[in-house]
Structure formats: C-alpha cells, structure tokens
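Asker: Pasting a structure here, questions to come.
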C-alpha cells in the first residue's frame, strides 16, 4: 500500500519505538511484505521462518524483534518488543489517516429513526433499519445490513455483506410434524472494538439479546445463532457456526469450520482446533480437538492408538 510520505521518526514516535540514530528524517511512503518492499517501504519480521527474506529485503525499514540479528546492512532496523503488533498498529494509523471513505455514502439506506453517530462510516449500499444505534467511529461495510433495533458499539467494524439481526432459526413442531415459526423479538448487541467479518450472520435473539462482547473478532462466513453470547476478546476463524443459546467465554481461540451445538457453556481461555465438533460443555483453560471434541492430548493418544490398529 502506498500512502502520503511519513518520516520514520514520526512513525516511531507514534508507536513509542526507539528510532535508529540518524534515521529520523528517513521517508516512508508505503507498507508491504519483505519480498515486495522497496527503499521507501516499511515491513516487519515476526516469524523466524522469514529471516532469509528479511536479510534479502530491499525495504527502507523493517520492524524486528529486540534480539533478532540480521545481516542486511542496507535496511534500517527498528527494534520492537512485538514487531507484528507494532506493524498492525501502524497499519491502523495509516488507515485512519489516509482513508478516503468518510461519513455516509449516498447509496446507503438509513432509517430516519436510526441513531448513527456523526463519526461513524456507512459504506455504499449498507442498510440501517429503524431503531438501530451505531456508536462513535464504527464502520459498516458495503452491503451490510443492521436490522431493526440492533445496537453497535464504538470503534466496531461490520464488514461487507454481513447481516446483524436476521431472524433466528426458531420453529415449533405440532403433533402432525408441521413446523410453526417462532417470532424472534429480541435484538443483537455488539459491544465496542468488535470486528465482524464479511458475509457473517448474527441472528437476533428470540427474547432478550444475542451479545458479542467487547474486543471479540469474528472472521468471514461465520454463523452466530439466536441468544448466543460470545465473550470479550474471543477470536473466531471462518466458517464457524454456533447454535442457539450457547455461551462462549472470554479470550477463547476458535479455529475455522468449528461447529458448536446449542445450549452449551464454553469457559474462558478455551482453544478449539479447526473442524472440531463441540457437543458438550468445556471448562475454562482447555484445548480441544476432533469430532466429537476431546482434550487435545487425549485426541492425540487416541489417534495414535487408532493408527497402530490399522497397521
């Protein structure tokens, strides 16, 4: 990405990083990968696997860990305790500083009874229905839909095509096996500093609220059913689905294509490997894998025994 010129000194000051001596006036006009970087680009090295790329890089400057040694003598090395985080914070800075998207796009449809903060960004084709509240500095992506009565906090991003507040999947069978729709009369409440990925759906509660707590990050193409609660600072990879009335704790890490059945309680700090099928409650601080899910070490033992039986 190319952006307006910044000095390396200004970048380091903004991130509270020490700027190498004599390099405060070095000009940076872009951010990119180690392989693609040129003499006015900033890049980063956080994974030791890419040390060779860093040594061969033509970047103007690279964020590098405090104890990492490079042989590259043509690039300015900026020491950071966490180069990945520092680079991410810099990207957020330049996104906010140089983004051309401001305010409400003319093609967005915003109900007159919605409350949209003046600093919120509503992109092209988004739909904001009656009674919706959108907080300061939040961003609603192109084609996203925030349906009636839902609440979006501050500094929250809803990406393109996401649907917040769609009707929950609720049907009551009668004695003849016919299904009757159960009206979903609740809302979705998304707290501050949340990210909801493209084409993800968060269903409104049958009664009460479906809640995504502060700092949670949900990837593209996820499905969050009615009355689910996702805990603060939990991260969830693509194509994960959580059935109704399940509670996921704080600081959990959920891999891609995970399926979690309804009415479960997942504790805090739980790690769930990709493609795991969760069919029971999970205590805090556990790591689980497989379908049906087992503790990770138990799964590996069972899999090893299974392989031996097949030999």
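The values are calculated or read from the model by the stated rules, or taken from the named source; none is laboratory data. A quick note: this is a predicted structure, and the numbers were derived from the prediction, not measured. Here the Cβ is made from the backbone with ideal geometry for all residues, glycine too, and neighbour counts use every protein chain on show.
Asker: Test residue 269 against the stated conditions and say whether it is in contact (Cβ under 8 Å) with a residue 40 or more places away in the chain, under 21 Å from the mean Cα position of the chain (by Cα) and part of a loop (DSSP other than H, G, I, E, B).
Answerer: Spelling it out, it is not the case that residue 269 is in contact (Cβ under 8 Å) with a residue 40 or more places away in the chain, under 21 Å from the mean Cα position of the chain (by Cα) and part of a loop (DSSP other than H, G, I, E, B).
Asker: Kindly indicate the residue of the stretch 9-24 that is part of a loop (DSSP other than H, G, I, E, B) and in contact (Cβ under 8 Å) with a residue 12 or more places away in the chain and also surrounded by the fewest Cβ atoms within 10 Å (Cβ to Cβ) among those meeting that condition.
Answerer: 18
Asker: Right, another one. For the stretch 180-193, check the following and say yes or no: at least one residue is more than 22 Å from the chain's Cα centre (by Cα), without any contact (Cβ under 8 Å) to a residue 24 or more places away in the chain and in a loop (DSSP other than H, G, I, E, B).
Answerer: Looking for residues that are more than 22 Å from the chain's Cα centre (by Cα), without any contact (Cβ under 8 Å) to a residue 24 or more places away in the chain and in a loop (DSSP other than H, G, I, E, B), one finds at least one in the stretch 180-193, hence yes.
Asker: Same structure, new question: Which one is nearest to residue 2 (Cα to Cα), of the residues in the stretch 25-42 that are in contact with a helix residue (DSSP H, G or I) (Cβ under 8 Å, 6 or more places away or on another chain) and surrounded by 14 or more Cβ atoms within 10 Å (Cβ to Cβ)?
Answerer: 31
Asker: On the basis of being assigned by TED's automatic domain parsing to the domain that holds residue 204, under 22 Å from residue 184 (Cα atoms) and surrounded by 15 or more Cβ atoms within 10 Å (Cβ to Cβ), does residue 244 make the cut?
Answerer: Here the answer is yes, as residue 244 does meet what is asked.
Asker: Which condition number does residue 198 fail, the rest of (1) in a loop (DSSP other than H, G, I, E, B); (2) within 16 Å of residue 167 (Cβ to Cβ); (3) in contact (Cβ under 8 Å) with a residue 24 or more places away in the chain being met?
Answerer: Going through (1) in a loop (DSSP other than H, G, I, E, B); (2) within 16 Å of residue 167 (Cβ to Cβ); (3) in contact (Cβ under 8 Å) with a residue 24 or more places away in the chain one by one, residue 198 breaks only (2).
Asker: Since residue 48 meets every condition but one in (1) surrounded by fewer than 13 Cβ atoms within 10 Å (Cβ to Cβ); (2) in contact (Cβ under 8 Å) with a residue 60 or more places away in the chain; (3) closer than 19 Å to residue 81 by Cα, which condition does it not meet?
Answerer: (2)
Asker: Moving to a separate point now. Listed residues 86, 138; which is in contact with a helix residue (DSSP H, G or I) (Cβ under 8 Å, 6 or more places away or on another chain), outside the structural domain of residue 211 (by TED's automatic domain parsing), crowded, with 18+ Cβ neighbours inside 10 Å and closer than 29 Å to residue 197 by Cα?
Answerer: 86
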